[in-house]
Protein chains: 2
Amino acid sequence: MSALALHPAAQDLLFREARTANAFTAEPVTEEQVQAIYDLVKYAPTAYNQSPLRIVLVRSDEARERLVPHMAEGNRPKTAAAPLVAVLAADNEFHEELPALLPHFPQAKDRIFADRPVREESALLNATLQAAYFILGVRAAGLAAGPMTGFDFPGVQKEFLDGDHTPLMVVNIGRPGANAWFPRSPRLAYDQVVTTV
Amino acid sequence: MSALALHPAAQDLLFREARTANAFTAEPVTEEQVQAIYDLVKYAPTAYNQSPLRIVLVRSDEARERLVPHMAEGNRPKTAAAPLVAVLAADNEFHEELPALLPHFPQAKDRIFADRPVREESALLNATLQAAYFILGVRAAGLAAGPMTGFDFPGVQKEFLDGDHTPLMVVNIGRPGANAWFPRSPRLAYDQVVTTV
């Protein structure tokens, strides 16, 4: 018997059969799909419920043309061709929303997150957790994600964000096309990763 | 019709009904369960398949007694009482495994990750993604996770890790006990998080 409660079909959809896609079909990714993804993954945990992830959906041709030159050369063709591209970023001013997000401890805004360096570190960690939830959420929608950190961070920040937001990654989203991925690479064995004390 | 392919029961198990637990039953978390969690979440993506997450399972009373004093005061009782506690860390020397992990581009070890600061930044980002996958993997096993960043990082590093490893978070794991959580806090609305260009 499996030690997991999650249904095997869901294990496959999210982890075992899902793959990072490098090629996509032309089928559009709808606003409804992105809303459903967000409405699922928004519940996954962050420290103090700070929820610092912000998402810019690059939908217009004009915006796509501004994004592609900032990608590393090897990432440009797939970023140009993906049905939807999302810029994921951390909001370093997330504390402004904290009194609404943490009604049982609204003082956290000033007591814990008054200092910008503290906020930046916390926003980076927690928005990265949320980026992982988002990637799995894309898969939960039956789509493939192609997350990339190979891009000019200051360039993407200047083009699409502002000083309050730090870019984390760019994610191509769509249905996998022909030859969408390499063969699966090996993973570390349990004993290489987990030690017991 | 739902815009998600993931079965509603799996949505509930991983996101909608799962909660960060602050209290647990006495039921042990078995080695088999942790192995099943790892064997699921190991497939989720990291850059260059670098897989930098390392996990220390704190199982002995002696190790638990070393850990608890390094936790923030508010985190000590639950960390002392949880059936299992895991220290999650980023391996800053992950590049040593890269030739095995990335057989189609073994040169990545030296071409991309020769410099320690580059490795530290990449390990932090990618191990944090894997920490999020791990939290959802705990939920996939029908268990509750209690991730915490409120602890003395140098203290935990010195007690349980070495200079090659940076602590990320400590996670309590078990079946939720009585009054395991606060009421769910609000989440940001879609329009507060997602913009379209």
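Some points to look at:
- In the range B:1-16, the residues that are on the phi < 0 side of the Ramachandran plot and more than 7 Å from every other protein chain (Cβ to nearest Cβ) reach residues that are at pLDDT below 95 and exposed (fewer than 14 other Cβ atoms within 10 Å of the Cβ) with C-beta atoms within less than 9 angstrom, at least six apart or across chains, in these pairs: B:PRO8/B:SER2.
- Residues of the range A:110-124 that are of a type outside the set (Asp, Glu) and part of a helix (DSSP H, G or I): A:ARG111, A:ARG116, A:PRO117, A:VAL118, A:ARG119, A:SER122, A:ALA123, A:LEU124.
- Assessment of the range B:117-127 against the conditions (surrounded by fewer than 24 Cβ atoms within 10 Å (Cβ to Cβ), under 30 Å from B:ALA80 (Cβ atoms) and touching a residue at least 24 places away in the same chain (Cβ under 8 Å)) yields at least one matching residue.
- Those residues of the range A:73-91 which are loosely packed, with under 13 Cβ neighbours inside 10 Å and either among the small types (Gly, Ala, Ser) or more than 26 Å from A:PHE153 (Cβ to Cβ) (or both), in sequence order: A:GLY74
- Scope the range A:177-196; condition touching a strand residue (DSSP E or B) at 6+ places or on another chain (Cβ under 7 Å) and modelled with pLDDT of 95 or more; matching residues: A:VAL193, A:VAL194, A:THR195, A:THR196
- The residue that is surrounded by the most Cβ atoms within 10 Å (Cβ to Cβ), among those in the range A:92-109 that are at the interface with another protein chain (Cβ under 9 Å from one of its Cβ atoms) and outside any helix (DSSP H, G or I), is A:LEU102.
- Filter result for the condition that a residue is under 27 Å from B:ILE135 (Cβ atoms), of a type in the set (Phe, Trp, Tyr) and not in a helix (DSSP H, G or I), over A:TYR43, A:TYR48, A:TYR38: A:TYR43
- Unmet criterion (only one of (1) without any contact (Cβ under 8 Å) to a residue 40 or more places away in the chain; (2) over 20 Å from B:VAL194 (Cα atoms)) for A:ALA72: (1)
- Considering only residues in the range B:23-46 that are out of contact with any strand residue (DSSP E or B) (no Cβ under 8 Å at 6 or more places or on another chain) and small (Gly, Ala, Ser), the one that is farthest from the other protein chains (Cβ to nearest Cβ) turns out to be B:ALA26.
Per-residue answers, yes or no, for (1) closer than 30 Å to B:ALA145 by Cβ; (2) in contact with a Pro (Cβ under 8 Å, 6 or more places away or on another chain); (3) among the aromatic types (Phe, Trp, Tyr):
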{"site": "A:LEU13", "(1), (2), (3)": "yes, no, no"}
{"site": "A:ARG16", "(1), (2), (3)": "yes, no, no"}
{"site": "A:THR25", "(1), (2), (3)": "no, yes, no"}
{"site": "A:THR30", "(1), (2), (3)": "no, no, no"}
{"site": "A:GLN33", "(1), (2), (3)": "yes, no, no"}
{"site": "A:VAL41", "(1), (2), (3)": "yes, no, no"}
{"site": "A:THR46", "(1), (2), (3)": "yes, yes, no"}
{"site": "A:PRO52", "(1), (2), (3)": "yes, no, no"}
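- Test: residue in the range A:100-117 that is charged (D, E, K, R), at pLDDT 95 or above and within 19 Å of the chain's Cα centre (by Cα): no
- Enumerated strands (runs of 3 or more DSSP E) restricted to the range A:137-197, each holding at least 3 residues that are facing another protein chain (nearest Cβ under 8 Å) and more than 30 Å from A:ASP91 (Cα to Cα): A:194-196
- Here the condition is being closer than 17 Å to A:MET169 by Cβ and at the interface with chain B (Cβ under 7 Å from one of its Cβ atoms); of A:VAL87, A:VAL56, A:VAL68, it holds for A:VAL56 alone.
The values are calculated or read from the model by the stated rules, or taken from the named source; none is laboratory data. Here the structure is a predicted model, which means the values were calculated and not measured. All Cβ positions, even for glycine, are placed from backbone atoms using ideal geometry, and neighbour counts span all protein chains on display.
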